[in-house]
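One structure is given below, encoded as structure tokens.
The values are calculated or read from the model by the stated rules, or taken from the named source; none is laboratory data. Please read all numbers here as calculations on a predicted model, not as lab measurements. Because the Cβ atoms are built from the backbone with ideal geometry, glycine has one as well, and the counts that use them run over all protein chains shown.
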Amino acid sequence: MVQFIDDQRDAYGVASICPVVPIAPSTYCWHKARHADPTRRSARVQRDDEWRREIQRVGDDTQQVYGPRKVWRQLRREGHRVARCTVGRLMRAMGLRGAVRGRAWVPTTQADSGADRPVDLVDRHFVATRPNQLWVSDFTYVATWRGFVYGAFVIDVFARRIVGWRVANSLRTDFVLDALEPAIYDRRGDGAGDLVHHSDRGTQYVSMRYTERLADAGSALSVGRRGAAYDNALAETIIGLFKTEVIRRRGPWRHIDAVEFATLAWVDWFNTRRLLEPIGYIPPAEYEERYDEPATVASLTSFALRRSRYGSVDVSHIVTIGVALGQMGHTRTWGGTAAGRRATRRSCASPTRTRRGRRRRQTRRSGDWDRAGRRPGSPRAG
């Protein structure tokens, strides 16, 4: 307020500005007199001026590397009685920070708060009932002797299969597009028209070229929130496996060619031979092949249900407990163990074959049963 009056006093005068601000002219004159005469300022302000000179001196002697804690310790060693919070407050006001280990975070882009943003269609529910229903994408950094290289991956959520990948030495939009193109080409005509593509808010994934390519393929774009890694947790998990099983175990890496060849071999092994726990300890490629066999699974299951009690078929080897009788092909088969046979009998036996059913049949045969379906003498029996 005082600074505003100082800027406008030559044009309008103090007497005409003070009623508009509003401030009393005497108050303005008192502030100006106090700043002009240091002896009229408060005792705290005068002490702060003295401590500022001492803090500046200590900072110059230590090459401006001390933070508030060490500046306070140095002043205490010299015999000055000052509080640590006072040193921190004055250093913040003076713009002194000291040396900080590590690199400071420097933003490389400026977000437009008024721009339209894609919505999060997944909401952390990484579930798909068929292939080409939901894809997740992300990329990672790999340090080499010649600088950083980057690896991008596109994963099908249904079987956790890597459908596209790319290793490059730049973070241009072409880098993630090169990972997307093989996935779209390889799975064209396989229901990819109603696909949902999910990623984080990286500039590459929300760029115009990337979104237009997804629109041309008939895919919906889904983007998580900024700074929320769990919104793209499945992609982070697969990339974490890649870093753990390849990058950290086989490093250090000399150049981009070594990383690319290692990634090629790992993706092939991951898709065709690696056992994944979320899909029943089978490779992703085999899990996708089972999706195309619902009729076979359903026929085997119904046949086993019919012949399980008195038939000649060994159901401990062929009875399959599936999800909705082969709806997805995700099956679990028990072997010829005692526990497996007991589980098979429990799952395949009809309700009339259970222990409760046997009791009811025996009671009905004995004639000891009323019209309401209750045994005489029971609490609800008439």
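Annotations for the structure displayed:
- Of all the criteria given as (1) in contact with a Pro (Cβ under 8 Å, 6 or more places away or on another chain); (2) closer than 28 Å to THR39 by Cβ; (3) not hydrophobic (A, V, I, L, M, F, W, C), the one not satisfied by ASP60 is (1).
- Residue match in region 109-117 (condition: exposed (fewer than 14 other Cβ atoms within 10 Å of the Cβ) and under 19 Å from the mean Cα position of the chain (by Cα)): yes
- Count - residues of region 23-82 that are closer than 26 Å to ARG9 by Cβ and outside any helix (DSSP H, G or I): 5
- Test for GLU260: is it touching a Gly at 6+ places or on another chain (Cβ under 9 Å) and assigned to a helix (DSSP H, G or I): yes
- Any hit, region 163-178, residues being modelled with pLDDT of 90 or more, of a type in the set (Lys, Arg) and in the same structural domain as THR237 (by TED's automatic domain parsing): yes
- Some residue of region 200-209 being farther than 27 Å from ILE282 by Cα and free of Cβ contacts under 8 Å to residues at least 12 places away in the same chain: yes
- Those residues of region 126-151 which are among the charged types (D, E, K, R) and assigned to a strand (DSSP E or B), in sequence order: ASP138
- Residue match in region 97-104 (condition: out of contact with any helix residue (DSSP H, G or I) (no Cβ under 6 Å at 6 or more places or on another chain), more than 30 Å from ARG226 (Cα to Cα) and of a type outside the set (A, V, I, L, M, F, W, C)): yes
- Some residue of region 1-19 being basic (Lys, Arg), assigned to a loop (DSSP other than H, G, I, E, B) and surrounded by 11 or more Cβ atoms within 10 Å (Cβ to Cβ): no
- Among residues of region 60-77, those that are in contact (Cβ under 8 Å) with a residue 24 or more places away in the chain and more than 43 Å from the chain's Cα centre (by Cα), counted: 0
- In the set ARG226, ARG213, only one residue is touching a residue at least 12 places away in the same chain (Cβ under 8 Å) and within 27 Å of PRO107 (Cα to Cα); that residue is ARG226.
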